[in-house]
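**Student:** Take a look at the following structure, please.
Any read-out appearing in this document is the output of simple, stated calculations on the displayed coordinates, not a laboratory observation. These numbers were taken from a predicted model, which means no experiment stands behind them. No Cβ is skipped: glycine too gets one built from the backbone with ideal geometry, and neighbour counts run over all protein chains shown.
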Amino acid sequence: MAGLAKGYNLILHSMAVVAGVLIFTAFVMIVIDVSMRIMGFSPPAFTIAIVEYILLYFTMLAAPWLVRIKGHVFIDAITQFFPPLIKMLAAKLVYTICIVSASIFCYYSFGLLVDAWVEGTLDVRGIDMPQWSLFLPIPVCFFFVAIEFGRFLIGLDDMYGDRTDVKEAM
């Protein structure tokens, strides 16, 4: 079981590292594109399309890690005033809703991925890309998001716990 957890953590952190590399790559591509325009050159037509893909991949790849470190957006302004039992029950309800929501997104985006793969459709912008590559990170990452909220649900961690855990996880 420890090996499985270690492998899972490696995948989770690798996705976060890839997200970081991708966002830096997008930054470099944008700087090069703008610099070329300022100097009077015509930048590559594919830059905008690739940066759009990078933004999708960055968002999806970072999402499970952000849930793990409690870096995602959530509001605890109301729950902080709840008695401990009500706070715990509200948290379990929120975790369940998040798991169900992430699972629904995973299911339907997987259907879109399979359809795009089978039909062989292309996403035509500055560069022709197979449309399945647009959908690829979505079901995978929502699956990992559901697992992360599942960790909260079974009690391995608490989303409403001490926010200093965020600094330690980084």
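**Student:** Which one of G150, S103, V118 is farthest out on the positive end of the charge dipole of the chain, using unit charges on Cβ (Lys, Arg +1; Asp, Glu -1) and the Cα centre as origin?
**Tutor:** So the residue furthest toward the plus end is G150.
**Student:** Sticking with this structure for a sec: Using a 7 Å offset from the Cα along the Cα-to-Cβ direction at both T79 and D115, what is the distance between the two label points in nm, to one decimal?
**Tutor:** Placing both labels 7 Å beyond Cα along the Cβ direction yields 3.4 nm.
**Student:** Can you tell me the FRET efficiency between F41 and V21 if r is taken as the Cβ-Cβ distance and R0 is 25 Å, rounded to the nearest 0.05?
**Tutor:** Efficiency at R0 = 25 Å is approximately 0.45.
**Student:** Let me spell out the model: positive unit charges on the Cβ of Lys and Arg, negative unit charges on the Cβ of Asp and Glu, origin at the Cα centre of the range 1-160. What dipole size does that give, in debye rounded to 20?
**Tutor:** Dipole size: approximately 480 debye.
**Student:** Could you order peptides 68-78, 145-155 by the average number of other Cβ atoms within 10 Å of their residues, highest first?
**Tutor:** 145-155, 68-78
**Student:** Here's another thing I want to ask about it. What number, rounded to the nearest 500 deg cm²/dmol, is the helix-based mean residue ellipticity at 222 nm of the chain, given -39500 (n - 2.57) per DSSP H run of at least four residues and division by all its residues?
**Tutor:** Using -39500 (n - 2.57) per qualifying helix, the result is -25000 deg cm²/dmol.
**Student:** For an R0 of 25 angstrom, estimate the FRET efficiency from the Cβ-Cβ distance between V31 and L122 and round to the nearest 0.05.
**Tutor:** 0.30
**Student:** Which entry in [x] 39, 18, 16; [y] 36, 20, 15; [z] 28, 19, 16 matches semi-axes √(5λ) of the Cα gyration tensor in Å derived from the coordinates of this structure?
**Tutor:** [y]
**Student:** Still on this structure, I have one more. If the chain between S14 and A90 were fully stretched, how many nm would it gain, using 0.36 nm times the residue separation less the Cα-Cα distance?
**Tutor:** Net length gain for the segment: 24.2 nm.
**Student:** How far apart, in nm, are two points set 7 Å out from the Cα along the Cα-to-Cβ line at D157 and at A5?
**Tutor:** Each label point is offset 7 Å from its Cα along the Cβ direction, giving 1.3 nm.
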